[in-house]
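A.B. asks: Just passing along the structure, written as structure tokens.
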Amino acid sequence: MTLSLGWLSALFTGFFSAHVLQRLCFPYFWRDLLFLLKVIRYGVKIESYKLTSRVFTVLDRFIQQAHRIPDKPFVVYEGTEHTYRDIDRRSNRFAQVFLEELKLQRGECVALLMSNEPDFLCAWFGLAKVGCSVAFLNTNIKSKSLLHCFTCCGAKTLIVGSDLVDTLDGALTTLLADNIQVWAVKSSSEHTQVNTLLDKVVTASDEPVPAELRATSSLKSPTLYIFTSGTTGLPKAAVITQLQSLKAAAGFWAFGVTENDVMYVPLPLYHSAASLIGIGGTIELGATCILKKKFSASHFWNDCRKHNVTVFQYIGELCRYLCNQPKTDQDKVHKVMMGVGNGLRPDVWRDFQSRFGNIKMCEVYGSTEGNLCFMNHIGKIGTVGRSNFIYRLLFKYDLVKYDMLRDEPVKDQHGFCQRVEKGETGLLLSKVSALSPFFGYAGSKQLTEKKLMRNVFVKGDAYFNTGDLMSENQEGFICFRDRVGDTFRWKGENVATTEVTEILGQVDFIQEVNVYGVEIPGQEGRAGMAAMIIRPSFSFDGKKLFDHVMTELPAYARPLFIRIQEVMEMTSTFKQQKFQLVQSGFNPSTISDPLFALDAQQQIYIPLTDAVYQSIINGSRKL
Ligand SMILES: *[C@@H]1O[C@H](CO)[C@@H](O)[C@H](O)[C@H]1NC(C)=O
Ligand SMILES: *[C@@H]1O[C@H](CO)[C@@H](O)[C@H](O)[C@H]1NC(C)=O
């Protein structure tokens, strides 16, 4: 969403070209233009920070709002209103404690492991106020990955929510042995080595800490680390700079949301959608946010009615759960006008709108670490975004031909990629340049390099590989088709197949394993499936495997299906063949290999029979 000032003249020339006259007849022209002008205006504002010595960050904006509208509710949580002033003052107290008790230094990174609650925000803002960067940890994370996260971002301090202290169990000893200071957001603690924060926060001063501590002169300075599932084993810490936070905070505004709107945020704050777009966007506008600890389909509409919610954040699953609730005659009685999120399937989209009224659903496409973003500001069903000639001037992206069987892009005789025709599906690549920089991952140049593709169309160019297959039609609407290779999405989380492979490889009877995702009719994303070869003289033990995945993997990453194979297919470039396995799915009547399904009730992998298969397909079996 940025551009250098030089682009303006290019744009002007663009506007008056014959191309524009032709486009005037185009049905979306004015809506596109208004949207783009907003994006450009914001981009120019951000670019102008490059000319000054101080960046006006999202935190600065928050402090400004706390002075402008101190008594306006900022966050409503479990029925309690917290005004802008409340959160500003309380985060000052946190900041004072961070300075005086934790002795945190400006520039340090601190890990935050908390569920959604107002103190998540106070701790986050408090850390930002003393000039620390914050690493958000996924609350589902298991001990091995947790420890790895500290190595990634170099954090020496962990702040853990009161409800999560007990989930640390095994990891706590290792953390303490590694000299990580552990601070719980509680007033007292049973663990002698876990320090407590809240008793100190209560008595601390609510005066602001010196503003120089949070000052930053570069848009490129890291402010957050957000963990995303990697294609290479353990989670990766995507570096979120001030630039990205500022861009994301403008999302709601660009869609036309105003300060009079009330946002509903039921997604976890450790993801960029809720923290950067949801909270950042609320701050940018000076609006009010209804924060939920967890999403609840049965409470959703009552909450919306009670709080006069006008905008909500979603992932596709969430809308489906809402559609699956029993119908009531109140279904259209609410003030919700817009949803902002991603992963909404066209069938659920239609159901949702016919049932709950004409709510504009704005899909946003963009990964946490990516340098490209699409926004479906038109609200057209089934599309994640819109492109046109102006957009293409600002964002250099391309769709290139992809060979599913070989699991790699198609190359021509010179070794370059080939663009697809309009309407065809291709791999989305986004050019890395000064305008769209890619900041990579903390602590690993290697991981960063892996996400880049070089010499794509000419020698020396560099593109960010999104790993997503997309198509763009004649009208410029962009549709998400599939994800290639090593990750898939399930229950709103990214699953890294290599991470699951590594964990499954620890089981004694497994000789070789190949993890992938299969589609289940009526479900968003893909369910995890593992094809495996059993070691000679061992046999498959469904109980042992079940226990292993329960302790070692978060719920969304556990393979639901197992396929036992004699040999494992490779691609011609010696990668594990996934495509054909993905295509053949998990139907026992068409697959001759033995199949098993995870059974949470019986706590074991059970044989996947036709009856089990039917109950999954007809939706009667809980997944
Ligand atoms: C919601 O709107 C109604 C009618 O405009 C108003 O009476 C009510 O006080 C509002 N509720 C909240 C929580 O703002
Ligand atoms: C789903 O299939 C299972 C197994 O065939 C059957 O027992 C169950 O009654 C079916 N449920 C529905 C809702 O059709």
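The values are calculated or read from the model by the stated rules, or taken from the named source; none is laboratory data. Since the model is a prediction, treat every value here as computed from it, not as a measurement. Cβ placement follows ideal geometry from the backbone for every residue including glycine, while neighbour counts extend to all protein chains displayed. Just so you know, the surface numbers come from the protein's heavy atoms only, side chains and all, with ligands and any DNA or RNA stripped out. Shrake-Rupley method; radii C 1.70, N 1.55, O 1.52, S 1.80 Å.
A.B. asks: Name the long-range amide H neighbours of Asp403: under 5 Å, sequence gap of 5 or more, or other chain; modelled H, no Pro or chain starts.
C.D. replies: Those lying under 5 Å, H to H, from Asp403 are Glu408, Val410.
A.B. asks: Can you compute the helix-only [θ] at 222 nm over the chain? Use -39500 (n - 2.57) per DSSP H run of at least 4 residues, normalise by all residues, nearest 500 deg cm²/dmol. All intermediate terms of the calculation are to be shown ahead of the outcome.
C.D. replies: Working: 21 runs with 193 residues, N = 623.
When only DSSP H runs of four or more count, the value is -9000 deg cm²/dmol.
A.B. asks: OK, next. How high is the relative contact order of the chain, given as a whole-number percent (alpha carbon pairs under 8 Å, six or more residues apart)? Working shown, then result.
C.D. replies: Values: 1218 pairs, mean separation 61.3, N = 623.
The normalised contact order for the chain reaches 10 percent.
A.B. asks: A further question on this structure: Taking every eigenvalue of the Cα gyration tensor of region 84-241, multiplying by 5 and rooting it, what semi-axes result, largest first, whole Å?
C.D. replies: On the way: eigenvalues 111, 81, 33 Å².
Over the Cα atoms of region 84-241, the ellipsoid semi-axes are 24, 20, 13 Å.
A.B. asks: Sticking with this structure for a sec: Pop out the ³J(HN,Hα) list for region 418-435 in order, Karplus 6.51 cos²θ - 1.76 cosθ + 1.60 with θ = phi - 60°, rounded to Hz; leave Gly and Pro as x.
C.D. replies: After applying 6.51 cos²θ - 1.76 cosθ + 1.60, I find 10, 6, 8, 6, 3, x, 7, 8, x, 7, 7, 10, 10, 5, 8, 8, 4, 6 Hz.
A.B. asks: Sticking with this one: Which residues in region 456-480 place their backbone N less than 14 Å from a point set 7 Å from the Cα of Lys50 along the Cα-to-Cβ direction?
C.D. replies: Counting only backbone N, you get no residues.
A.B. asks: Holding the Cα-Cα limit at 18 Å, pick out from Lys411/Lys459; Lys401/Lys431; Lys142/Lys445; Lys144/Lys445 the pairs that are longer than that. Don't jump to the answer; show the numbers that get you there.
C.D. replies: Values: Lys411/Lys459 14 Å; Lys401/Lys431 16 Å; Lys142/Lys445 25 Å; Lys144/Lys445 22 Å.
Listed pairs above 18 Å: Lys142/Lys445; Lys144/Lys445.
A.B. asks: So what is the relative contact order of region 77-157, in percent, for Cα pairs below 8 Å that sit 6 or more residues apart? Please report the intermediate quantities before stating the final value.
C.D. replies: On the way: 92 pairs, mean separation 27.8, N = 81.
The value is 34 percent.
A.B. asks: Per residue, how many Å² of accessible area does region 485-623 show with a 1.4 Å probe?
C.D. replies: Value for region 485-623: 46 Å² per residue.
A.B. asks: Separate question: With a 1.4 Å probe and every protein chain left in place, work out the accessible area per residue of region 84-241 in Å², rounded to a whole number.
C.D. replies: Each residue of region 84-241 exposes 37 Å² on average to a 1.4 Å probe.
A.B. asks: In terms of modelled amide H atoms, which long-range or inter-chain residues lie less than 5 Å from the amide H of Phe488?
C.D. replies: Under 5 Å from the amide H of Phe488: Val495, Thr497.
A.B. asks: If you filter region 225-315 for trypsin sites (Lys or Arg not before Pro), then keep DSSP loop positions with at most 15 other Cβ within 10 Å, what is left?
C.D. replies: Numbers: sites: Lys236, Lys247, Lys292, Lys293, Lys294, Arg305, Lys306; in loops: Lys292, Lys293, Lys294.
Passing both the DSSP loop test and the Cβ count: Lys293, Lys294.
A.B. asks: Measuring with a 1.4 Å probe in the full set of protein chains, what accessible area per residue, in whole Å², belongs to region 250-369?
C.D. replies: 36 Å²
A.B. asks: Determine the order of Glu472, Glu78, Glu512 by accessible area, beginning with the largest, at a probe radius of 1.4 Å.
C.D. replies: Glu78, Glu512, Glu472
A.B. asks: Okay, next question. Take the Cβ-Cβ distance between Ala555 and Arg350 as r, set R0 to 25 Å, and report the resulting FRET efficiency rounded to the nearest 0.05.
C.D. replies: So the FRET efficiency works out to roughly 0.30.
A.B. asks: What are the GluC sites (Glu not before Pro) within region 552-623 that DSSP puts in a loop, where the Cβ has at most 15 other Cβ atoms within 10 Å?
C.D. replies: On the way: sites: Glu552, Glu566, Glu569; in loops: Glu566, Glu569.
Qualifying residues, ordered by number: Glu566, Glu569.
A.B. asks: How long is the gain from Ala177 to Phe457 if the chain were fully straight, where each residue apart is worth 0.36 nm and the alpha carbon distance is subtracted?
C.D. replies: Gain on extension, Ala177 to Phe457, equals 95.8 nm.
A.B. asks: Work out from phi, with θ = phi - 60° and the Karplus expression 6.51 cos²θ - 1.76 cosθ + 1.60, the ³J(HN,Hα) of each residue of region 107-119, listed in order in whole Hz, and give x for Gly and Pro.
C.D. replies: Calculated HN-Hα couplings, in order: x, 5, 10, 10, 8, 10, 10, 9, 7, 5, 5, x, 5 Hz.
A.B. asks: Among the aspartates and glutamates, which fall within straight-line cross-link reach of Lys332, defined as a Cα-Cα distance under 16 Å, with same-chain neighbours fewer than 8 residues apart omitted?
C.D. replies: Candidates past the 8-residue exclusion: Asp303, Asp351.
A.B. asks: For Glu499, Glu259, what's the largest-to-smallest order of accessible area, 1.4 Å probe?
C.D. replies: Result, largest first: Glu259, Glu499.
A.B. asks: Of Lys50/Lys220; Lys38/Lys129; Lys236/Lys451; Lys220/Lys491; Lys294/Lys360, which pairs sit farther than 21 Å apart, going by alpha carbon to alpha carbon?
C.D. replies: Lys38/Lys129; Lys220/Lys491; Lys294/Lys360
A.B. asks: Between Leu393 and Ser444, what's the calculated FRET efficiency when r is the beta-carbon distance and R0 is 35 Å? Round to 0.05.
C.D. replies: Efficiency computed from Cβ-Cβ geometry: 0.60.
A.B. asks: Modelling each spin label as a point 7 Å along the Cα-to-Cβ direction, I'd like the Met404/Ser296 distance in nm, to one decimal.
C.D. replies: With each label point 7 Å from Cα toward Cβ, the separation is 4.2 nm.
A.B. asks: Separate question: In region 61-125, which trypsin sites (Lys or Arg not before Pro) fall in coil by DSSP and have 14 or fewer other Cβ atoms within 10 Å?
C.D. replies: Loop-located and lightly packed - Lys103, Arg106.
A.B. asks: Along the Cα→Cβ direction, 7 angstrom out, place labels at Gln614 and Ile564. What is the inter-label distance in nm?
C.D. replies: Using points 7 Å along Cα→Cβ, the separation is 2.5 nm.
A.B. asks: Bin width 20 Å, alpha-carbon pairs only: give the P(r) of the chain as whole percents, running from 0 to the bin holding the largest distance.
C.D. replies: 18, 53, 28, 1
A.B. asks: Quick check of the Kirkwood formula: for region 112-202, what is the inverse mean of 1/r over all pairs of different Cα atoms, in Å?
C.D. replies: For region 112-202, the Kirkwood estimate is 13.3 Å.
A.B. asks: Another question, then. In nm, to one decimal, how far is the Glu519 label point from the Asp547 one, both placed 7 Å along Cα→Cβ?
C.D. replies: About 3.8 nm separates the two model spin labels.
A.B. asks: Return the long-range amide H neighbours of Thr383 (sequence gap of 5 or more, or a different chain), with a cut-off of under 5 Å between placed amide H atoms.
C.D. replies: Here nothing satisfies the definition.
A.B. asks: Another question about this same structure. Report in % the part of the accessible area of the chain that belongs to carbon and sulfur, leaving out ligands and nucleic acids; probe 1.4 Å.
C.D. replies: The nonpolar share, carbon plus sulfur, comes to 53 percent.
A.B. asks: Based only on Cα atoms, what Rg/Rh ratio does region 250-369 have, Rh being taken as Kirkwood's radius? Don't skip to the answer; put the middle values down first.
C.D. replies: On the way: Rg = 13.3 Å, Rh = 14.3 Å.
Here the Rg-to-Rh quotient is 0.93.
A.B. asks: Another question, then. Could you calculate the contour length gain from Gln603 to Asp71, that is, 0.36 nm times the residue separation minus the distance between their Cα atoms, to one decimal place in nm?
C.D. replies: Answer, rounded to one decimal: 186.4 nm.
A.B. asks: Return one quarter of the surface area of the convex hull spanned by the alpha-carbon atoms of region 370-483, equal to its mean projected area, in nm².
C.D. replies: Mean shadow area of the hull around the Cα atoms is 8.0 nm².
A.B. asks: From the backbone phi of region 83-90, what are the Karplus-calculated ³J(HN,Hα) couplings (6.51 cos²θ - 1.76 cosθ + 1.60, θ = phi - 60°) in whole Hz, Gly and Pro given as x?
C.D. replies: Ordered by residue, 3J(HN,Hα) equals 7, 4, 5, 3, 5, 4, 5, 5 Hz.
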